[in-house]
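The values are calculated or read from the model by the stated rules, or taken from the named source; none is laboratory data. Here the structure is a predicted model, which is why all the values come from computation and not from measurement. Note: ideal-geometry Cβ built from the backbone for every residue, glycine included; neighbour counts use all protein chains shown. Only protein heavy atoms, including side chains, enter the accessible area calculation; ligands, DNA and RNA are left aside. Shrake-Rupley method; radii C 1.70, N 1.55, O 1.52, S 1.80 Å.
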Amino acid sequence: MVKLVLVLGDQLSDNLSALEAADPERDVVVMAEVALEAEYVPHHPKKIAFLFTAMRKFAAYLREKGWQVAYTTLDARDNAGSIPGELLRRAEEFGAREVIATEPGEWRLIEALQDTPLDLSMLPDTRFICTRREFEDWARGRKALRMEYFYREMRRKTGLLMDGDKPVGGKWNYDHENRKPAGADLFRKAPPQARGDVIVDAVLDLVEARFPDNFGTLRPFHFQTDRAGALRALDHFITHALPDFGSYQDAMLAGDPYLYHAVIGLYINAGLLDPLEVCEKAAKAHDEGTAPINSVEGFIRQILGWREFMRGIYFLEGPDYVRRNALNHQRKLPAFYWGGETRMACLSHAIAQTRDLAYAHHIQRLMVTGNFALLAGINPAEVHEWYLAVYADAYEWVEAPNVIGMSQFADGGVVGSKPYVSSGAYIDRMSDYCGDCHYRVKDKTGEKACPFNLLYWNFLIRHRERFEGNPRMAQMYRTFDRMLEDRRATVLREGDALLARLSAGEVI
Ligand code: FAD
Ligand code: DLZ
Ligand code: SF4
């Protein structure tokens, strides 16, 4: 009897377990653009356009390979509006009772699929290097889960950058070489910008008509939308940017959103690139002598280490993870995150770039937008919604551990052993933002004091009881205690006043 094979928008891979378990002679692939997935957060229009275009092209590719594909566009008259609804409709149309699916990357959708009255086989998502089971086994019995140890296991498992049982070059991690600020030269090559085609054009018109009020600029649309394009983007990165990836990983420049980053997260997460093939290409560049070890190791660690670790944490911690709020932060997300005005140049640059490109690199996400939200005590659920909406690579399995865990410390220390907070000095060191800011990064108090400076101490003192005993934070408290009493009082008073103005909706 015919079975339905579900392929979700972020499952656009040839080797998807659901496709491998099905029979192209007998079964029907179901793909659907649905309102519920497009609207559960106000996704960036470029993200929706990327996904719908890539879905349509993947459906065409499957048809060429001989599959029967039942594809529903968002504007189809009989669109049921949700994935389970579409499955039920197609089950009736094709006389099917059984569905083969690959496990979605979000608890919400896993639960929704399990609730359908159809006979569902939910297969593991084999497109990851570490299985859920393997991660659980690794995590069992450990007092703390630290990425670095997990990453070494993954290096051993894959043999990537290994020399027998030793790491290539003698060290597992070359991070201490990777902290350079970038110069504003003109020699970097931006990622290749895709040209439009009829499928892209049709999707852009649809997204423009259906999501006119979502935060984010739709046109010009420059993402790759099929595997061949994604491979071009990867090869471009390996040739032009990987050699300097490590050194400038943490740098930020107002005039260059990409620097030496790969800008491939959206392609890997949608299934157009395979994480292992990406790591293998990077390792090959090292073998061939075209990229140094600090860059290649740093890059492979992001994918083999962080990406796999984050997925492991998401599934290990369970569906309530996204609601955690260990620091009891309750302030509303300021309007400037959604495009309102701010006088802080760093936030203004990072958010304008996010609006235009649906992209910001890791340090912008962690040390600018994330750092400010944490220092200002913003409700992590609102921060989570923002990140899930605005980045083209955002899916809950990877976004939530990065936001709730790494960035907002709302999980109380599952992902990281200390919160990522910094004063303005860090942003000044790693970027060129501060030069044209309304505030003065060197001012610790006073009318023009950088808000990061004021809020940094305010945050540490608000949470003194929790963090003072943390050996990695003791130095920060000692520095505060060494300040003159008057100065301490002023810093805290001015920080409180800034927070009150933020809550009142004033422009900061
Ligand atoms: P590069 O800097 O070139 O890195 C290469 C690849 O490494 C990325 O494409 C990605 O696949 C992987 N990677 C790097 N860091 C991480 C990480 N911390 N977790 C998982 N994978 C990583 N990444 C997402 O894929 N989706 C998200 O929704 C997301 N949200 C984030 C939210 C916050 C607050 C922070 C701090 C980080 C977030 N990240 C997220 C991780 C990282 O910022 C992005 O993967 C990266 O910026 C994507 O751009 P790139 O392809 O140029 O990455
Ligand atoms: C993100 C997204 C969007 C915007 N739209 C769709 C869609 O219409 N159809 C679909 O199959 N998938 C979509 N997705 C991706 C899903 O939200 C994603 O599969 C889950 O969040 C699990 O990662
Ligand atoms: Fe950001 Fe402060 Fe620098 Fe302004 S002075 S850009 S607010 S870090």
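Brief remarks follow.
- Residues of segment 9-31 classified as within 16 Å of Thr72 (Cβ to Cβ) and open to solvent by 10 Å² or more (accessible area, probe 1.4 Å), total: 1
- Selection of helices (runs of 4 or more DSSP H) fully inside segment 348-433 by the criterion of at least 1 residues being away from ligand 3 (no atom under 14 Å from the Cβ), farther than 20 Å from Val507 by Cα and open to solvent by 10 Å² or more (accessible area, probe 1.4 Å) returns 380-390, 396-400.
- Of the helices (runs of 4 or more DSSP H) lying entirely inside segment 180-276, those containing at least 2 residues that are open to solvent by 20 Å² or more (accessible area, probe 1.4 Å) span 198-210, 227-240, 242-245.
- Condition check for Arg488 on (1) modelled with pLDDT of 95 or more; (2) in a helix (DSSP H, G or I): one failure, at (1).
- Criterion: within 16 Å of ligand 2 (Cβ to nearest atom) and of a type in the set (Phe, Trp, Tyr) - qualifying residue of Tyr391, Tyr433: Tyr391
- Enumeration of residues in segment 139-173 that are in a loop (DSSP other than H, G, I, E, B) and either within 23 Å of the chain's Cα centre (by Cα) or more than 23 Å from Leu276 (Cα to Cα) (or both): Arg140, Gly141, Arg142, Lys143, Ala144, Leu145, Arg146, Asn173
- One residue alone among Gly289, Gly298, Gly305 is open to solvent by 10 Å² or more (accessible area, probe 1.4 Å) and among the small types (Gly, Ala, Ser), and that residue is Gly289.
- Candidates Ala394, Ala350, Ala358 - the one that is touching a Lys or Arg at 6+ places or on another chain (Cβ under 6 Å), of a type in the set (Gly, Ala, Ser) and within 13 Å of ligand 1 (Cβ to nearest atom): Ala358
- Candidate set: segment 110-138, residues that are among the basic types (Lys, Arg) and open to solvent by 50 Å² or more (accessible area, probe 1.4 Å); chosen: the one nearest to the chain's Cα centre (by Cα): Arg132
- Within segment 290-309, residues that are touching a residue at least 40 places away in the same chain (Cβ under 8 Å) have Cβ atoms under 7 Å from residues that are within 16 Å of ligand 2 (Cβ to nearest atom) and part of a helix (DSSP H, G or I) in these pairs: Arg307/Pro275; Arg307/Val398, counting only partners at least 6 apart in sequence or on another chain.
Rundown of residues vs (1) under 30 Å from Asp356 (Cβ atoms); (2) among the basic types (Lys, Arg); (3) not assigned by TED's automatic domain parsing to the domain that holds Tyr387, yes/no style:
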{"site": "Ala35", "(1), (2), (3)": "yes, no, yes"}
{"site": "Ala49", "(1), (2), (3)": "yes, no, yes"}
{"site": "Thr53", "(1), (2), (3)": "yes, no, yes"}
{"site": "Tyr61", "(1), (2), (3)": "yes, no, yes"}
{"site": "Arg77", "(1), (2), (3)": "no, yes, yes"}
{"site": "Thr102", "(1), (2), (3)": "no, no, yes"}
{"site": "Ile110", "(1), (2), (3)": "no, no, yes"}
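- Filter result (more than 19 Å from Leu374 (Cα to Cα) and within 16 Å of ligand 1 (Cβ to nearest atom)) within segment 409-458: Met430, Ser431
- A count restricted to segment 333-347 and to residues that are assigned to a helix (DSSP H, G or I) and touching a helix residue (DSSP H, G or I) at 6+ places or on another chain (Cβ under 8 Å) stands at 6.
- Thr490 within 25 Å of Tyr439 (Cβ to Cβ), open to solvent by less than 50 Å² (accessible area, probe 1.4 Å) and out of contact with any helix residue (DSSP H, G or I) (no Cβ under 8 Å at 6 or more places or on another chain): yes
- Test: residue in segment 438-449 that is near ligand 3 (Cβ under 10 Å from one of its atoms) and open to solvent by less than 10 Å² (accessible area, probe 1.4 Å): yes
- Subset of segment 428-451 (residues that are more than 30 Å from the chain's Cα centre (by Cα) and not acidic (Asp, Glu)): Arg440, Lys442, Lys444, Thr445, Gly446, Lys448, Ala449
- Restricting the first member to segment 123-152 and to residues that are under 20 Å from Gly318 (Cβ atoms) and at pLDDT below 95, and the second to residues that are exposed (fewer than 13 other Cβ atoms within 10 Å of the Cβ) and among the charged types (D, E, K, R), no beta-carbon pair is closer than 6 Å while six or more apart or on different chains.
- Lone unmet requirement of (1) within 13 Å of ligand 1 (Cβ to nearest atom); (2) assigned to a helix (DSSP H, G or I) for Arg493: (1)
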